[in-house]
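K.L.:
Can you read through this structure? Questions will come right after.
Just so it is clear, none of the values below were taken in a lab; they were calculated from the coordinates. Just so it is clear, the structure is predicted and the values come from calculations on it, not from any experiment. Backbone-built Cβ (ideal geometry, glycine too); neighbour counts: all protein chains shown.
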Amino acid sequence: MACNNLMAGLKRCLLLALLVFSLPASTQGWEQSRTSSSSALLAGSPVEFLPVEEAYRLDVTRNAQGVVFDWRIAPTYYLYQHKFAAEVIDGNGEAFPLVMDYPSGKSIYDEYYEKELQVYYGTVALRADLPDPLKGRGWTLSVSSQGCADAGLCYPPRTQYFAVSGVAGMDQAITEIVQLPSAVDNVAAGVELSAATTTSSLPLVLLFALLGGIILNLMPCVFPVLSIKVLSLTSAHLGEHSKHLHGMAYTAGIVISFVAIAALLLVFREAGEAVGWGFQLQSPVFVSLLAYLLFAAGLSFSGLLEVGARWMNIGQSTASGTSLRASFMTGVLATVVASPCSAPFMGTALGFALTQTPLISLLVFAVLGVGMALPFVLLSWIPGLLEKLPAPGPWMESFRQFLAFPLYASAIWLLWVLGRQTSIDHVALVSIGMLLLAFAAWLGGGGAKRWKQAVALLVTIVALSIAMTPSKSTDERLWEPYSPARLQTLRSEGRPVFINLTAAWCITCLANEKLALSSDTFAETLQANNIVYLKGDWTNRDSEITALLKEYGRSGVPLYLYFSASSASAQVLPQLLTEGIVQKALQNE
């Protein structure tokens, strides 16, 4: 993590430590509330985002052709072209979608959509024709949009309403209204609630937070933990009063966790950090550790990690123990494993919360936690519901083992996220760490001797150190893709060229790259001698690479060639490289 000075470095290191060991957030609905990229997070400059109504000002006017939407966008903010939509609603409630005429905008690559998108900066005027039956009549106009700031924050989708008078001709008055009287019905039908709505919408937002929290229990990360916790009530010898207390302790663990998340977000946003909901998942270290946690939970559910089961309070200790602290920590765990999960309604509620006052933000997060805890609370307080659950029996062990597979699937998904953040090499490294965790669980499980337990602990420490290993950015590459045309161009210019023909399934190739072609010395030599590094990837069939291999009498990779500026032919390097061999070849003219 790059720090400008010692204080900034301490602040950011403290932030990372808090994120790794504190209560995480959810990667829900980035289309509704997407936070800054990691570069914005680490930039260090204070960022204060404008309210949505100040960042994007809209005036609607009539002309002879129809309606003109005149947007004035604040500097460093932009609007998505594909998020514009408008419709008119007549007095009978019938809606008429409008077809807009889009001027050309600026093309940017959007990381969420993974493609080039058109956006608008500064000002933009969009035009739309009106249906003939509406001309000269009174109607209501609904305009939807979504915008982002260059510094990182993306606002939730916003819907604005305009009332148009019934005066015929060009003098129809158009005035903005807060929302339609039937706005609640529109939201229920799928229209997103704007973050700029007034506090009169707060009850609806709280309802969304409650529903989102309830649905969150069905996500593959959370459902196994909740299921085992619920089944423990059916088998534990607890009185009604004790079950009530356990339900409240579980709720306290979840609610306090969500409020702590909100407090952290608010503190760092006030300090000028461009952070938002789910920003801890932008850290590859955090993603790696969370993947480890879900994998370890899966091992516990499979009966291979008894220590983890006791720590997470989801095994035999839950069935036989009556510790309120254990129920509280189970609530904390449920929040932790909910980190990569999403649920409907959460996007709207949290997008609203992050644009409001601290008190409202904390309230929305707390209600989200209440919603997540609600199913367990109801089961612990209403005996009739608990009695409808299946009676305890051998089936519970099979069900517990079955629930390990959603956790394994979640861990695999996190590895995919890690791969998008870093590289396939780092994913392989973390996968090796998971393998070591499984080995440690097998070695130290059951009635293992002390020396086996000690070795298991050592293996676990090695696995955790792997997860904490920093990774190089995938954007920092020294090479260009090989092609005969590119090689011919460079040779005609008199440039020295180093060629590496490799493949992902070639162990020798990968070892050579790690030992000899990835060092700072190699990169400095390329730069100092103006050498162009071309890499040919033969992982999949490539006739051009095959032709080059045949030219030099090879039937497979690796093949390393160096064309110096003064030589007409290539120097063939050995198949087993060392840094010294490469340096000698590249510096020998």
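K.L.:
Please rank L415, L290, fewest neighbouring Cβ atoms within 10 Å first, as an exposure proxy.
P.N.:
In increasing order of surrounding Cβ atoms, one gets L415, L290.
K.L.:
Only counting other Cβ atoms within 10 Å, I'd like K514, K452 sorted with the fewest neighbours first.
P.N.:
Lowest count first: K514, K452.
K.L.:
Quick one: Karplus J couplings for region 525-535, per residue in order, coefficients 6.51, -1.76, 1.60, θ = phi - 60°, nearest Hz, x for Gly and Pro?
P.N.:
5, 4, 5, 5, 9, 6, 8, 8, 9, 10, 10
K.L.:
For a quick check: sort W451, W381, W538 by the number of other beta carbons within 10 angstrom, fewest at the front.
P.N.:
If I rank by nearby Cβ atoms, fewest first, I get W451, W381, W538.
K.L.:
Among 580-586, 151-157, 437-443, what's the highest-first ranking by average C-beta atoms within 10 angstrom per residue?
P.N.:
Those peptides, ordered most packed to least, come out 151-157, 437-443, 580-586.
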